[in-house]
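Trainee: My structure is below; once you've seen it, I'll send some questions.
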Amino acid sequence: VCVDSGESFETSLSGPYVNIVDGCGGIAVSGDCTGGADLGMKQGENCDSGDGITSAARTSYYHINRAAELARFYDPGNTWLESPLTVAVNSSAGTCNAFWTGTQITMYHGGGGCSNTGEGRGVLIHEWGHGYDHNDGGGVDLPGEGYSDVVAIFGNRDSCMSRGWYNDGRTCGGYGDTCLTCTGIRELDWAKRQNNTPITAPGFVMNNCPGGGQGWSPCGQEPHCEGMLVGEILYDLATRDLPAAGLDQASAWQLAERLWYETRPGSGGVAYSCLRGNANSCGSTTWFQKMRVADDDDGDLTNGTPHAAALFAAFDRHALACGSAGNAEHQSTGSCPALAAPSLTVVEGGAGSELTWSAVSGAAEYRVYRGELGCDRQQIPIAVVTGTTYTDTTADQDLPRFYRVEPFASNPACSGPVSNCEATPPGGRLQYLSHRFVEDGSDDNNIPDPGE
């Protein structure tokens with residue numbers, strides 16, 4: 001918080017959660033409380049800027065921070081999420097690659113027909129997903145590449161994993177099922193690949209995925225390829241099955257994301273069981289069963305859950321569900337009250353962005369979501385309140401912000417649709433600093449007399 005407008009400061013893009021190390025040079029940008037700090041625009045490719053203030057440095061700092069902020073909401077107290085993570089960008093070790101080392105994220109510079117990977121939101125969040133997978137308290141999930149793809153899907157609201165990865169006109173190969181338009185490394189919407197067919201373990205995984213994934217994927221196939229199976233399932237849940245059940249698209253994204261992140265703390269082991277291509281999700285620790293538990297509102301899975309039918313449909317389309325659609329446990333039933341969507345308004349006030357929304361009958365609390373990239377992109381939960389107002393004092397006033405509100409009943413498994421999305425345009429705020437008393441009458445006695 002700036003108190004003296006003349007005060008100066010310096011940033012090196014090293015914060016409490018993310019530390020950027022740029023292979024192009026040191027990072028040091030000065031500014032003052034009047035004009036702020038200007039880290040500039042993109043200048044050419046890789047190290048063309050001549051210093052470490054590169055597009056990759058800025059982009060990585062933003063997106064990795066946002067990914068960790070979201071996870072902290074659902075996994076409070078996780079020491080890894082509370083600790084600084086080093087992200088090395090503009091590595092000259094090669095091109096067309098990025099990886100999680102076990103302790104840090106490394107992103108390669110552009111070349112060889114690929115863009116600078118530190119500028120790709122999808123691959124950045126994917127690599128961060130590996131880190132969270134290793135540190136969510138339950139060991140590594142298999143396939144780990146599928147885990148990270150799901151994290152990227154929710155971060156991007158996009159089935160194309162790191163769109164723009166290829167900059168030479170290529171689309172992803174799809175392991176023999178060619179991507180139609182995706183210039184990223186994987187397309188996780190089966191309808192946007194040549195075969196237009198959902199992935200299954202006995203079909204695609206065993207026939208299209210190379211071997212060599214023993215110990216890294218349930219069916220023992222190459223984990224990036226086999227990971228597409230679970231990536232497609234979660235994308236289907238958010239964009240096909242929950243909307244088919246009556247949810248608007250924004251609410252469907254928010255619900256699918258919540259069910260995913262609520263099941264991450266302590267997660268580990270196989271996402272599904274697989275023996276020579278015969279796969280299912282009947283085990284209690286599989287992703288299907290974990291998400292059913294997260295969706296349940298009464299502690300009894302045998303009588304269904306509020307969104308059981310959509311969950312079953314998403315996993316069953318890919319031959320991974322357990323049981324049949326007619327079973328009682330796969331019916332969308334529950335005791336949740338019908339919650340309406342709040343009507344949200346946002347104005348800029350002296351203290352910050354002031355949110356007000358209509359009260360929803362049956363709601364015990366509301367979650368406030370904020371993003372900077374638009375209404376059709378991921379928004380991060382920033383507050384839980386019991387009233388119908390909230391003032392966001394933490395957002396950068398020079399950036400547009402996009403807000404939504406979601407109602408929850410006293411049972412946290414019961415949520416309603418999200419509100420309309422409201423944007424706050426950039427602009428300065430008025431802040432109270434001091435007051436003064438001015439007399440306008442003839443009796444200059446420093447007392448407000450009648451008539452003055």
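Trainee: Would you mind checking the tilt of helix 249-262 against the longest principal axis of the Cα atoms of the chain, expressed as 0 to 90 degrees and rounded to 10?
Mentor: The two axes meet at around 80 degrees.
Trainee: If you stretched the chain out fully between Ala383 and Ser12, how much longer would it get, using 0.36 nm times the residue separation minus the C-alpha to C-alpha distance?
Mentor: Full-extension gain reported as 130.7 nm.
Trainee: So for Tyr61, Tyr272, what's the accessible-area order with a 1.4 Å probe, most first?
Mentor: Reading off the accessible areas and sorting them downward yields Tyr61, Tyr272.
Trainee: Accessible area, 1.4 Å probe, largest first: how do Thr106, Thr333 sort?
Mentor: So, going from the largest accessible area down, we get Thr333, Thr106.
Trainee: Continuing with the same structure: Could you tell me the accessible area of Leu85 in Å² (1.4 Å probe, neighbours in place), rounded to the nearest ten?
Mentor: 10 Å²
Trainee: How high is the FRET efficiency from Asn196 to Gln249, r the C-beta distance, R0 25 Å, rounded to 0.05?
Mentor: Once rounded, the FRET efficiency stands at 0.70.
Trainee: Expressed in whole Å with the largest first, what are the equivalent ellipsoid semi-axes of the chain derived from the C-alpha gyration tensor as the square root of 5 times each eigenvalue?
Mentor: Semi-axes, largest first: 43, 31, 17 Å.
Trainee: Let me ask something else. Would you please put 311-318, 162-169, 10-17, 111-118 in order of how densely packed they are, using the mean number of other Cβ atoms within 10 angstrom per residue and starting with the highest?
Mentor: Sorting 311-318, 162-169, 10-17, 111-118 by mean packing, highest first, produces 311-318, 111-118, 162-169, 10-17.
Trainee: Also: Please compute the contact order of the range 256-344 in relative form: average sequence separation of alpha-carbon pairs under 8 Å and at least six residues apart, divided by the residue count, as a percent.
Mentor: 24 percent
Trainee: Now, a different point. If you take every residue apart from Thr95 with its C-beta less than 15 Å away from the C-beta of Thr95, what net charge results, scoring Lys and Arg +1 and Asp and Glu -1?
Mentor: -2
Trainee: First compute the accessible area of the range 210-366 with a 1.4 Å probe, then give the percent of it belonging to carbon and sulfur atoms.
Mentor: 53 percent
Trainee: What do you get for the angle between helix 144-156 and the principal long axis of the chain? Use alpha-carbon atoms, 0 to 90 degrees, nearest ten.
Mentor: That works out to roughly 40 degrees.
Trainee: Could you tell me the relative contact order of the chain? Use alpha-carbon pairs under 8 Å, at least six residues apart, and round to a whole percent.
Mentor: 9 percent
Trainee: Relative contact order for the range 36-155: what is it in percent, counting Cα pairs under 8 Å that are at least 6 residues apart?
Mentor: RCO, the range 36-155: 21 percent.
Trainee: Keeping all protein chains in place and using 1.4 angstrom, which order do Thr103, Thr305, Thr171 fall into by accessible surface area, from largest down?
Mentor: Correct descending sequence by accessible area is Thr103, Thr171, Thr305.
Trainee: Something else now. Hey, rough spin-label estimate for Ala28 and Tyr62, points 7 angstrom out along Cα→Cβ, what's it come to in nanometres?
Mentor: 2.6 nm
The values are calculated or read from the model by the stated rules, or taken from the named source; none is laboratory data. What you see is a predicted model; the values in this text were computed from it and never measured. Heads up, the Cβs are rebuilt from the backbone with ideal geometry, glycines too, and the neighbour counts pull from every protein chain shown. With ligands, DNA and RNA removed, areas are computed over all heavy atoms of the protein, side chains included. Shrake-Rupley method; radii C 1.70, N 1.55, O 1.52, S 1.80 Å.
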